[in-house]
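One structure below.
Bear in mind these aren't lab numbers, they're just calculated from the coordinates by the rules spelled out. Computed from a predicted structure; not experimentally measured. Neighbour counts are summed over all protein chains in view; Cβ atoms, including those assigned to glycine, are modelled from backbone coordinates with ideal geometry.
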């Protein structure tokens, strides 16, 4: 009976651990962000230098105002060439996606994986009290899955 009791408690503990695995446990907090007034050219240089595919755009109060991606920059390059316009005058604000979907840092990491699959989005910002606190990417979810390998995923 003592052994059954021990196994029961252990099983319960694992379940509690799985429930505690949240987006905030795996999100990136040290973010490369952009400002609305920055040039698209600056963004491209930052993306290349840091080997990232995009990032959140914040105002001076660190409030999320948009997201800019490689795709947004490519559109800018294409249109600048097509209309024979210099790129320097184009700002992040003109190119960023303004309707940004965020997710809660307390969301279970596996629910977040499903959200990625449903939305086809590569990254979600995490906002707390109106301020940007982190970002979770598909790669972060994959890292979580490897780290949690062998646990009972529920």
The range 27-119: relative contact order from alpha carbon pairs under 8 Å, six or more residues apart, as a whole percent, is 30 percent
If you rank 32, 48, 67, 21 by fewest surrounding Cβ atoms within 10 Å, what's the result? 48, 32, 21, 67
Can you give the log10 of the normalised intensity I(q)/I(0) at q = 0.09, 0.13, 0.14, 0.15 Å⁻¹, computed with Debye over equal Cα scatterers of the range 19-147? -0.27, -0.55, -0.63, -0.71
So the FRET efficiency between residue 108 and residue 79, C-beta based with R0 = 30 Å and rounded to 0.05, is 0.15
Using 7 Å Cα-to-Cβ label points, what is the residue 119/residue 143 separation (nm, one decimal)? 1.9 nm
